[in-house]
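The structure under discussion appears below in the form of structure tokens.
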Amino acid sequence: MSLKTLNKTQRAAVEATDGPVLIFAGAGSGKTRVLTHKMFHLIKDKQFKPENILSVTFTNKAAKEMKERVMDLLKAKDLPITIGTFHSVCARLLRIESSHLNISPSFAIYDVQDQKDLLKVILKNLNIPKDQLSPNNVRNQISYLKNKMISPSSQLRKARTIIEKKIVDVYSEYQKALKKNEALDFDDLLLKPLELFDEHPKILKKYQNQWKYILVDEYQDTNRPQFLFLTRLAEKNKQISVVGDDDQSIYGWRGADVTNILDFEKSFPSCQIFTLEKNYRSTQQILDAATAVVSHNDVRATKTLTAENGSGELLGLMETRDELEESDAIISSIEKEIKLNKRTFSDFSVLYRTNAQSRALEDSFRRMGIPYNLVGSVRFYDRKEVKDVLAYLRLVINLRDTISLRRIINFPPRGIGMKTMDKCVLRSEKDKIELFDVLKIADQLSIRGKQSIALIAFYDLVKKYHSLRNKLSANELSRSLIEEVGVLSKFKKSENPEDKERYENILELLNSIDDFCSKKPNANLSDFLEEVSLLSDIDHWNDSDNRVTLMTVHSSKGLEFPVVFIAGLDDGLFPLYATLENKKELEEERRLFYVALTRAQEKAILLYATNRRRMGGENIIGMPSRFIGEIPPEFLDRIEFQSALTRRVVGGSLKKHTKVTVTRTVTTFDDFKVGDLVEHSIFGMGKIMVLSGTGENQRVGVVFKDGTKKKLIVKYANLTKVS
């Protein structure tokens, strides 16, 4: 294998291995290809040993893909290269060096829900009502401060209002509670290594000597702690290559700073700069339209993308009357593409600015029987029953994890209520002992005998498996524990159909632990829990399923689809109203639109609605997004569409808050019966096997000629009877 498959600029960037390198990689220009070939080049030419290379990115999916590509290039099964997300690399480092920071090596990693649960307790203890500060709001505030590396004491000096001072109080108590629970949140995973490097220069030197060459993906998304982590590691050897695109910096709201990539030369004055401008994903029409919009930003590096895939089609532009017609328009376009261009469902993605927009789309897709994959819905590992089982495993590893303890103390039900737990907490505070240790002396508390027996039995159970945590493999311990707790039998015996799904979810969790152990024989339960806690929504997305993908633009980063619909391009929705008066935030919205448009490989269709229901059910008269106005007209093809909807405006004129009543025009239905042959616009010919209801309520079960089975509402399915 050589570097001959790379274009001239890609190859030059790969071969630049002496000193710092900045690679501006335009959308679809092969940045992952450059990074993986660079690692291949460093190892193949024996410039660096695999164990001396560190490569960091932002998602597990990207890290896994990168590692697989490098191993494939090197024709190796595995090599000791450190490739991972910032959070996973930092978590691993902290477990090794935990003693220097006075934290347990088996510290828990708290996800967003864990943080909220902990903050609920703190807000209650501080007597702060929910209408003043909600757990979610204060969590966001604390995360923002941590990303800016502002401590509670620093923030206290800036606090002016009563609410600001209360946030600092909560922040301070939150940090104490994390320490007491031997837990770190996601932000701590990035901050603690910096603390370690500052307090222990020898440890910094150790990792500078270990990771002699550093590669960074998506550098435009780094926040201040990540920037400092990289610069501290690279300041000795100055062997660092960063790849990114300032036009795709879309995470400012969570602390990402686009100036990190734009000012890289200031941090590393001797750096070489390369710009990848040949695009291998999209057509020239798509690229030129996206560039025309993002060029309105002042803060960006100039680049001109050239498409390898030719000019392509104009961008489709559809005006619809509301979100219902918008969904119909998308489905109609999908039908045409499948008929005319023989596409499959997985060729399509619908992108939108906010999660709430998926509701109307999902309703329409379900009515028409179109399979879809919703990215950003409840993750498998976030389902209640799965989190309950994980809480058992986390408590077994870390007995001081009070959030996990509170979660499962009455799961399965053992008669332990909030009042009983309050008594345990009071005893814990009075005797200055761990909450978990109070359980073994439950018979000394003023609670009923049945409850004290249950608490002592729970204590003995957890303590037993805590002692076995290093003697049994992760899957052996998990299966044995869950069996003894009785979780599976509880759901298996239940006649509730939802409990059957919960039962299957827990079995699936146990299967995932089995898979983890087979892939990583030397790993333990802590390693599994760490991997689970660091997963993101996109890690669960499966592009092998033949389904239309529905997702927010933020979730789509790094993905590509032959046909992309960008829904909800109304001014005030995309871009959001809140960003219109803030130049910096509006520029990020513009970059977000650029990301959305450059997900499309062959075709992009933009949609806006002249009337859309917002929160509270209120209808708002809409205007097309200003981003549509920033695309030169010669790139747009207006597509006329009208669905079977009639509307009646209530009131005299179309003012901002005019009410609009919406009714769907009902067509005449065929009098279908079981055995009829029918034709569907997408699925083709089929036979009705089941039928129920009449008129508007008529539903049919159809088996189509390719074996696909669908339950359809006749009113929406547009079935034609075939004689």
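General remarks:
- Of the listed residues Leu426, Leu472, the order by accessible area with a 1.4 Å probe, largest first, is Leu426, Leu472.
- Binning all Cα-Cα separations of segment 118-177 at 5 Å, short to long from zero, yields these whole-percent fractions: 4, 20, 35, 26, 13, 2.
- Antiparallel bridges, percent of DSSP beta bridges restricted to the chain (to nearest 5): 35 percent
- Reported to the nearest whole Å, the Cα centre-to-centre distance from segment 177-206 to segment 376-418 is 26.
- Phe197, Phe227, ranked by accessible area, largest first (probe 1.4 Å): Phe227, Phe197
- Within the straight-line cut-off of under 19 Å between alpha carbons, the lysines reachable from Lys202 are Lys192, Lys212, Lys236, Lys238, sequence neighbours fewer than 8 places apart in one chain being disregarded.
- Surface exposure of segment 137-187, expressed per residue as accessible area with a 1.4 Å probe, stands at 52 Å².
- Sparsely packed loop sites in segment 468-520 (the trypsin sites (Lys or Arg not before Pro) outside DSSP H, G, I, E and B with at most 14 other Cβ atoms within 10 Å) comprise Lys471.
- Once all protein chains are placed together, Ser349 keeps about 0 Å² accessible to a 1.4 angstrom probe.
- For the chain, a Kirkwood radius taken over Cα pairs fed into Stokes-Einstein (37 °C, viscosity 0.692 mPa s) yields D = 114 µm²/s.
- Lysine pairs within segment 436-498, Cα separation less than 15 Å, 8 or more sequence positions apart or different chains: 4
- Met149 accessible area, 1.4 Å probe, all protein chains in place, Å² to nearest 10: 80 Å²
- The spacing between segment 10-73 and segment 296-347, judged by their C-alpha centroids, is 31 Å.
- Å³ per residue enclosed by the Cα convex hull of segment 1-70: 105 Å³
- Counting Lys and Arg as +1 and Asp and Glu as -1 over every other residue whose Cβ lies under 10 Å from the Cβ of Asn309, the net charge comes to -1.
- Ranking by accessible area, most exposed first, for Thr82, Thr259 with a 1.4 Å probe: Thr259, Thr82
- The chain - mean residue ellipticity at 222 nm from DSSP helices (-39,500 (n - 2.57) per run, n ≥ 4, rounded to 500): -13500 deg cm²/dmol
- Heavy-atom accessible surface of the chain: percent carbon and sulfur, 1.4 Å: 50 percent
- Surface analysis of segment 188-242 yields an accessible area of 35 Å² per residue, using protein heavy atoms and a 1.4 Å probe.
- Selection from Leu586, Leu455, Ser346 lying farthest towards where the dipole of the chain points positive, charges on Cβ: Leu455
- Entry note, the chain: relative contact order of 16 percent, from Cα contacts under 8 Å with a spacing of 6+ residues.
- Converting the Cα gyration tensor eigenvalues of segment 145-288 into ellipsoid dimensions via √(5λ) gives semi-axes, longest first, of 33, 23, 13 Å.
- Rounded accessible area of Arg69 (nearest 10 Å², 1.4 Å probe): 90 Å²
The values are calculated or read from the model by the stated rules, or taken from the named source; none is laboratory data. Just so it is clear, the model here is predicted, and its values are computed rather than measured. Don't worry about glycine lacking a Cβ; one is built from the backbone with ideal geometry, like all the others, and counts go over all protein chains shown. When the accessible area is computed, the model is the full protein with side chains, heavy atoms only, and any ligands, DNA or RNA have been set aside. Shrake-Rupley method; radii C 1.70, N 1.55, O 1.52, S 1.80 Å.
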